[in-house]
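Below is one structure, written out as structure tokens; the observations come after it.
The values are calculated or read from the model by the stated rules, or taken from the named source; none is laboratory data. Here the structure is a predicted model, which is why all the values come from computation and not from measurement. Reconstructed Cβ throughout: ideal geometry from the backbone, glycine too, with neighbour counts over all protein chains shown.
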Amino acid sequence: MDHSKPDIINGDQALEKLLAGNRRYIDSRQRHPNQTSRRRAEISNSQEPFAVILGCSDSRVPPEVIFDRGMGDLFIVRIAGHVMNDMILGSIEYAADHLHTPLIMVLGHSKCGCVTAAIQGVNGEGHVACLTEAIRPALLEAKDQPGDPVNNAARANANIVTEQLKRSKPVLSKLVSDGKLIVVPAFYDIDTGVVEILS
Ligand SMILES: [Zn+2]
């Protein structure tokens, strides 16, 4: 008997499942699903995550918490500034192609330190500049927008990375055009806990 088989058939339903979890989290009505030893046993030989999350490493944005999910639910890549590179793309392709995950969410967030560093032009001797450099196109995109420049750039980066993923050849673009995968940009507000879908 397979208790872990989710009743998910497409990306839209997966997205609704994520947003339902976020509403529970906002309202402090969490169910903490799939966090028991029984669940651990159910998924010991296979995984079938219903969503990929590409999000920021920021300690205030843990996907399983803000979406009220548990083990085997979310395939997560976290990197400061939710930027993209080939290794991250490879991880995402593995989930989309081999695990048949129907949804990728690119999740930016408010008050992002990495985006702030990019705006301030922080360099230094280490490798943080690699990240801030990757955010530069988002800074250009957001520079004339009214409102908070850090949050605007984080939103712009989520949109840019989403488009990169949708167009990525040969794997993801094919899954998208075949209707097997959707990629959505989103933005998490650290103060309210709300995840907003960007268009
Ligand atoms: Zn961040």
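The table that follows gives values for the structure above.
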| read-out | value |
| --- | --- |
| Those helices (runs of 4 or more DSSP H) lying entirely in segment 46-146 with at least 2 residues within 16 Å of the ligand (Cβ to nearest atom) and free of Cβ contacts under 8 Å to residues at least 40 places away in the same chain | 113-120, 128-142 |
| Residue match in segment 163-176 (condition: in a helix (DSSP H, G or I), under 16 Å from G55 (Cβ atoms) and among the hydroxyl-bearing types (S, T, Y)) | no |
| Some residue of segment 164-177 being β-branched (V, I, T) and within 21 Å of A95 (Cβ to Cβ) | yes |
| So D58, is it touching a strand residue (DSSP E or B) at 6+ places or on another chain (Cβ under 9 Å) and under 30 Å from I135 (Cβ atoms) | yes |
| Any hit, segment 113-131, residues being within 25 Å of R23 (Cα to Cα), in contact with a Cys (Cβ under 6 Å, 6 or more places away or on another chain) and modelled with pLDDT under 95 | no |
| Flag if E42 is over 14 Å from L165 (Cβ atoms), among the charged types (D, E, K, R), free of Cβ contacts under 8 Å to residues at least 60 places away in the same chain and touching a Ser or Thr at 6+ places or on another chain (Cβ under 6 Å) | yes |
| Residue in segment 163-177 that is within 20 Å of V61 (Cα to Cα), among the aliphatic types (A, V, I, L, M) and either more than 16 Å from the ligand (Cβ to nearest atom) or over 15 Å from the mean Cα position of the chain (by Cα) (or both) present | no |
| Pair list, Cβ under 7 Å, 6 or more apart: segment 173-199 residue in contact (Cβ under 8 Å) with a residue 60 or more places away in the chain, other residue assigned to a loop (DSSP other than H, G, I, E, B) and of a type in the set (F, W, Y) | none |
